[in-house]
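Report on the following structure.
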Amino acid sequence: MTSLDRKTRGRTAHGRLQALDVYLVHRERELLARDEGAWARAAFVDLGFGEHPWTTLDSAEAFRALNPRLPVVGVELEAARVESAQAHADALTDFRQGGFDLPLRPGESVRLLRAMNLLRGYRPEEVPGIHRQLGQALLDGGLLIEGSTDTPGAVLVAHLLRRVPEGLSREALLFHTDFSRGFAPVLFRDWMPRDFRRRVKPGEPIHAFFSDWTAAWQEARAAGHEAPPEAFRHSVLGLASRVEGVTTEPWLLDRGYLLWNPPGGIFQ
């Protein structure tokens, strides 16, 4: 069992994970709103909330628009950060010290677990075990989100891992950009989840994915779609003709999201 033993910089700010919140409210409404049986006490857990709990509180506000009684637990390794966050605690919002072995209380369960910007200091080979460890806390059907963003939250890539009866399914990769840094597929390479960052190289499936996306982007620009939002939209449509599992839902494309959910899930 791996321990969360590496201090993060904790550079968090309001809105850094807003794009992820917006995605979840749109695509995971049922997960956030469920209240039957064990789901009534099933929490959203934000692991590694940082120096200040702003992203935890942002998410609590967004998700409670769907589920006003949603329990929210922010977890941090550093006691001083947890103590400071207590000023924002209330009957439904708690802050606790802990790590990958989540500090849950008897009777508590988890529907959604977020671990963003947390694993960049770990070895790639440690990541699958950390995912499995975290996934043990989820109810069947629950979701683990793990990945990275840049500091303002303009670029994001995350694993979406679903708890299923057999264990944890590597369901999808989610990409997002707000176009403030322009757009080209290479924009995402530095923000890939830890287990993929050094695998974008010839011979690796993720390299083939980016090669296909880059080709589709070049074709889109050659066809006159040069503005970043239009280049993104048409590149994703072109990618979907090359790669299985690329979602072309207009709502996602209009907002800078690429959801890749290939048959059989995301490779290790």
Inset, instruction - Take the residues in segment 64-119 that are part of a loop (DSSP other than H, G, I, E, B) and among the basic types (Lys, Arg), then tell me which one is surrounded by the most Cβ atoms within 10 Å (Cβ to Cβ). - result: Arg64
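Okay, residues lined up against (1) basic (Lys, Arg); (2) touching a helix residue (DSSP H, G or I) at 6+ places or on another chain (Cβ under 6 Å):
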{"site": "Leu102", "(1), (2)": "no, no"}
{"site": "Pro106", "(1), (2)": "no, no"}
{"site": "Arg132", "(1), (2)": "yes, no"}
{"site": "Leu144", "(1), (2)": "no, yes"}
{"site": "Ala154", "(1), (2)": "no, no"}
Inset, instruction - Kindly list the number of the only condition in (1) touching a residue at least 12 places away in the same chain (Cβ under 8 Å); (2) over 16 Å from Thr149 (Cα atoms); (3) of a type in the set (A, V, I, L, M); (4) out of contact with any Pro (no Cβ under 7 Å at 6 or more places or on another chain) that fails for Ala91. - result: (1)
Inset, instruction - Would you mind finding the one in Asn67, Asn117 that is in contact (Cβ under 8 Å) with a residue 12 or more places away in the chain, more than 27 Å from Pro193 (Cα to Cα) and of a type outside the set (A, V, I, L, M, F, W, C)? - result: Asn67
Legend entry - Out of Glu244, Glu249, sole residue that is touching a Pro at 6+ places or on another chain (Cβ under 6 Å), farther than 30 Å from Gly121 by Cβ and without any contact (Cβ under 8 Å) to a residue 24 or more places away in the chain: Glu244
Inset, instruction - State whether one or more residues within segment 231-240 are modelled with pLDDT of 95 or more and within 30 Å of Glu166 (Cβ to Cβ). - result: yes
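Going by the conditions given, is Leu239 in a strand (DSSP E or B) and touching a residue at least 12 places away in the same chain (Cβ under 8 Å)?
In short, no.
The values are calculated or read from the model by the stated rules, or taken from the named source; none is laboratory data. Just so it is clear, the structure is predicted and the values come from calculations on it, not from any experiment. In this analysis, Cβ positions are derived from the backbone assuming ideal geometry, glycine residues included, and neighbour counts consider all displayed protein chains.
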